[in-house]
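Working notes, structure below.
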Amino acid sequence: MSTVKSSAGHKATHHFKTHKRTSLILALLTPFFLCGLMQAIKGEYKGFIDWITSPLGAVVLLAFITIGLYQSRHSMSEVIMDYASSEASLKFFLKLNTFACFVFWLVGVVAIIKIWLGA
Amino acid sequence: MAKGWNDKRPMSPHMSVWKWHPAMLSSILHRGAVVILYIALIKICIWLALFALGDASFEAVKGLIYSPLGAFAFFVFSAALVYHALADLRHLMWDAGKGYAPEKANAWSIILLVLAVIIATVLTYCLVGSFK
């Protein structure tokens, strides 16, 4: 018997699996991120720069904003799909969501690299 | 149904027809945490850009970071982050087929919520206590 691949089903499975993987990574990153952030806040501007330029701090921060924004895009897409009142608004807000997440991710990554290089 | 609603997809019953229970509250709070983290992540990226511009940019937002409003924002952010992480771990348990019984699901909903609030309170207390 031949099998028929459903595009929608395939996408949904991919969405589900990706969401689970990123959830687990984000949960593991959470204590590292919060500890680093608290130390950075205590040290004011120098504290933030020291955190961002330290290897562990930079990796945690890069991973946190990358995975965090990737998962936020997924989660916000679900919210939009639940509350968009028409096909047109659904498409518009889904695209806006993807665009905003990508732009702010780029801003964050460029800022981290600039601080890293300028240290 | 909202005026102008033309989406033909089937809708789940509105939450007003459900009897309130802890697992339902947990689901709503999980979604709320998602929205808070979305805004917080965007804010973190903007602040990173400000810090990359130099000390003067930090001085412009310093007053807000070290104010009572800043401490409250840290509490809300850390509570949402911890709650989101704990709720996601519970979803992984559910995926493994464990903890579905209504009594267990309700009890864990309360436990996770209380845990998140306690952890966020302790973190905020430690942070504010360390300010010069």
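Below is a table of values for the structure above.
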item: Over the protein assembly as shown: helical MRE at 222 nm, DSSP H runs n ≥ 4 each giving -39500 (n - 2.57), nearest 500; result: -29000 deg cm²/dmol
item: Net +/- balance of residues flanking A:Gln71 in space, Cβ distance below 14 Å, scoring K and R +1, D and E -1; result: +3
item: Residues of type lysines that B:Lys43 reaches as a straight line, Cα spacing below 24 Å, ignoring anything fewer than 8 places off in the same chain; result: A:Lys42, A:Lys46, A:Lys95, A:Lys114, B:Lys62
item: Pair B:Met24, B:Val76: separation of 7 Å Cα→Cβ label points (nm); result: 2.6
item: Filtered trypsin sites (Lys or Arg not before Pro), the range B:10-104: DSSP coil and at most 11 other beta carbons within 10 Å; result: B:Lys19, B:Lys98
item: Within the protein assembly as shown: Cβ-based charge dipole about Cα centre, in debye rounded to nearest 20 (Lys, Arg +1; Asp, Glu -1); result: 560
item: Neighbour cut-off at most 12 other Cβ (10 Å), DSSP loop, trypsin sites (Lys or Arg not before Pro), the range A:1-96; result: A:Lys5
item: Per-residue mean of C-beta atoms belonging to partner chains within 10 Å, peptide B:35-47; result: 6
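Computed from the coordinates by the stated procedures, all read-outs in this text should not be read as laboratory data. For clarity, every value in this text was computed on a predicted model and none was experimentally measured. Virtual Cβ from ideal backbone geometry, glycine too; neighbours counted across all protein chains shown.
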